[in-house]
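Notes follow the structure.
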Amino acid sequence: MLFKKPRSKEEIITKFSDIKKDNLLSTIQMLKKYDVISTVEAHKKINVCLIGVGTTGSHIANDLKNLSNIKSLVVVDPDIVSEDNLYRQNYVKSDLNKKKVEVLFERGERPSIIPIDIMCNNSAKIVDLCKEYKIDIVIQAGDYPSTRELAKLTEIAANELNIPYIINVGYISNVVSLPEFYYPNNVYDFLYKHEIYKEKLVFTNANNKAQSSIVARQISDYCAGKKTFKYRERVF
């Protein structure tokens, strides 16, 4: 029998080649969600798109560059480094007046960093960008047109592309909202959760607003085929 032991997605897709791939992947995700089946994920290499490299995103980029699972990191932001960005964001005085994405590129760290200095103000731009660079996961860390609006645009794009997405819904004063991991085209998604679910206050007066290390762990868990950290949880 095929499922006497865990199998990879690739093996399952090959076995059921007469079923449309997108439909099969959606079924696999649903079965995994309810622990009906498990699949073996060899620590896969992925391409990641990070939208926004400011207060949160610049620190996320710094953490992700150390992950061996990432083949390329596409960083998207049209802004330049200004005085009020220093130290609160992952930039220093020598970076002043430079494009933020170019600063990250010039640091020459692994993985391959691809700088894109555009504003993602509609889901079509995100879709086109992800298709061009064969993105496997998209991360929202920006705040234009607004943090919430960009989160919605990211979800729309990720659902169209059928790829997971991570939402950073920001902070209020020193209260931090932790990054949230979502699978595409799932009943449990950003819009449903944030329209209906009540938030649970977990901590206040945090010293560090950027929860970048959580995103790195989410990416690592996903690549290893594990239950992704902070999936189906929302906390402050």
Checklist entry - Taking segment 118-173 only, how many residues are open to solvent by less than 60 Å² (accessible area, probe 1.4 Å) and of a type in the set (Asp, Glu)? => result 2
Checklist entry - Of all strands (runs of 3 or more DSSP E) completely enclosed by segment 135-236, which ones contain at least 3 residues that are among the aromatic types (Phe, Trp, Tyr), at pLDDT 85 or above and farther than 17 Å from Ser26 by Cβ? => result none
Next on the checklist: Every residue in segment 55-80 that is open to solvent by less than 10 Å² (accessible area, probe 1.4 Å) and in a helix (DSSP H, G or I), please.
Outcome noted: Gly57, Ser58, Ile60, Ala61, Leu64
Checklist outcome for this item: Selection over segment 32-42 where residues are exposed (fewer than 14 other Cβ atoms within 10 Å of the Cβ) and at pLDDT 70 or above yields a count of 2
Checklist entry - Is there any pair linking a residue in segment 97-108 that is in a helix (DSSP H, G or I) to one that is open to solvent by 70 Å² or more (accessible area, probe 1.4 Å), with Cβ under 7 Å and at least six apart or on different chains, and which? => result Lys100/Asp79; Lys100/Ile80; Val101/Asp117
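Hey, can you tell me all the residues within segment 115-130 that are in a helix (DSSP H, G or I), under 21 Å from Leu64 (Cβ atoms) and out of contact with any strand residue (DSSP E or B) (no Cβ under 6 Å at 6 or more places or on another chain)?
Across segment 115-130, the qualifying residues are Ile126, Leu129.
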Checklist entry - What do you reckon, is Ser17 without any contact (Cβ under 8 Å) to a residue 40 or more places away in the chain and either surrounded by 18 or more Cβ atoms within 10 Å (Cβ to Cβ) or part of a loop (DSSP other than H, G, I, E, B) (or both)? => result yes
Checklist entry - Is it fair to say Val101 is out of contact with any His (no Cβ under 9 Å at 6 or more places or on another chain), more than 17 Å from Pro184 (Cβ to Cβ) and crowded, with 16+ Cβ neighbours inside 10 Å? => result yes
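The values are calculated or read from the model by the stated rules, or taken from the named source; none is laboratory data. Here the structure is a predicted model, which means the values were calculated and not measured. Here the Cβ is made from the backbone with ideal geometry for all residues, glycine too, and neighbour counts use every protein chain on show. Heavy atoms of the whole protein, side chains included, go into the accessibility calculation; ligands, DNA and RNA do not. Shrake-Rupley method; radii C 1.70, N 1.55, O 1.52, S 1.80 Å.
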